[in-house]
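Notes follow once the structure below has been shown.
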Amino acid sequence: MDHLMAFLSMGGKGGYIWPAYLIAAVVLIALLVNSLRSARIQESRLAALRQARRGIPEDDA
Amino acid sequence: MHRFANPTRFLKVANAIFPWCAGITALLLAAGLYLALFHSPPDYQQGETVRIMYIHVPSAWMALFVYACMAVSSAVALIWRHPLADLIAKAAAPIGAGFTLICLTTGSLWGKPMWGTWWVWDARLTSVLILFFLYLGYIALVNAFDDPTRGHRAAGILALVGVVNLPIIKFSVEWWNTLHQPASVLRLDGPAIYPTMLWPLLLMATGFTLFFVTVLILRVRSEIAAAKIRNLQLSLAQG
């Protein structure tokens, strides 16, 4: 437990070090999630559009 | 080059390397974080605070590298009219902005304990802030037109004009008196940094680079799909 506390306090500078790592993690994960989501959405929209065009006549176009 | 300008061929190559990029990114970042947080020694002057370096410096390199990629793609798109180059530049911009934001905030968190201030208006910090605004300006401009072609062209020109900022950022610490320390790794006489610090730094930097490639592939995929959707809707509207 003492080891962990010493590690987290980082010689008293943990208040600067951990937020730096946290901000980097948040920004990178947000980028990744946003990019994954938009790729999935656009590609499924494209697939749906192509299917609609091939199958049913363009009543919704 | 023309071979890869074909979106279908691009998607084939991109999808083949995607899982590798994603996997190696995870491994490199895990190893880099382990070395950075547990294995590397505290600095003899800066103490533990030096661990911010393993995030700050690689993200600063990426901020410049991604901008250079964006500018080259924009130039290719403007000169040779490769539609894929436009999509790559557009896809890269938010990733570069993200790395610049990380660089600025971690730098601020490093500046407070070391310099006694969150921010100073010196040459290095100000020129990186301008880089951040260039990214934001590019993103705003590329989305500002109904006709994507016009947006790509206007934003591409902005990206090329902004290139002048890159050497200013790199050499600002030599040209002007700044609070920011000069380069320790990318210097002519070799890195002035111990291997125990250099290794986690290089691992994080390579990890960030592959992270960029991974996310770029995802974003270009969604841009290609969006462009195809536009074309399909256009052809539907024209009957």
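Quick notes on this one:
- Of residues in the range B:159-178 being closer than 14 Å to residue B:137 by Cβ and of a type outside the set (Val, Ile, Thr), the one surrounded by the fewest Cβ atoms within 10 Å (Cβ to Cβ): B:160
- The selection criterion, being surrounded by fewer than 23 Cβ atoms within 10 Å (Cβ to Cβ), under 20 Å from residue B:166 (Cα atoms) and not charged (D, E, K, R), holds for residue B:121.
- Checking B:40, B:127, B:59 one by one, the residue that is crowded, with 19+ Cβ neighbours inside 10 Å, within 9 Å of chain A (Cβ to nearest Cβ) and in contact with a Ser or Thr (Cβ under 8 Å, 6 or more places away or on another chain) is B:59 and no other.
- For the residues B:187, B:219, the requirement of being more than 27 Å from residue B:120 (Cα to Cα) and among the basic types (Lys, Arg) singles out B:219.
- Among the helices (runs of 4 or more DSSP H) confined to the range B:64-181, the ones with at least 3 residues that are at pLDDT 95 or above are located at B:83-115, B:123-142, B:148-162.
- Breaking point among (1) under 15 Å from the mean Cα position of the chain (by Cα); (2) farther than 23 Å from residue B:210 by Cβ, for residue B:95: (2)
- The range B:200-231, subset touching a Cys at 6+ places or on another chain (Cβ under 6 Å) and more than 10 Å from chain A (Cβ to nearest Cβ), residue surrounded by the most Cβ atoms within 10 Å (Cβ to Cβ): B:210
- The condition of being at the interface with another protein chain (Cβ under 7 Å from one of its Cβ atoms), in a helix (DSSP H, G or I), within 26 Å of residue B:54 (Cβ to Cβ) and modelled with pLDDT under 95 holds for residue A:16.
- Any chance residue B:50 is assigned to a helix (DSSP H, G or I), modelled with pLDDT under 95 and either surrounded by fewer than 15 Cβ atoms within 10 Å (Cβ to Cβ) or in contact with a Cys (Cβ under 6 Å, 6 or more places away or on another chain) (or both): no
The values are calculated or read from the model by the stated rules, or taken from the named source; none is laboratory data. Predicted model only: the values in this text are computed from it and were never measured. Heads up, the Cβs are rebuilt from the backbone with ideal geometry, glycines too, and the neighbour counts pull from every protein chain shown.
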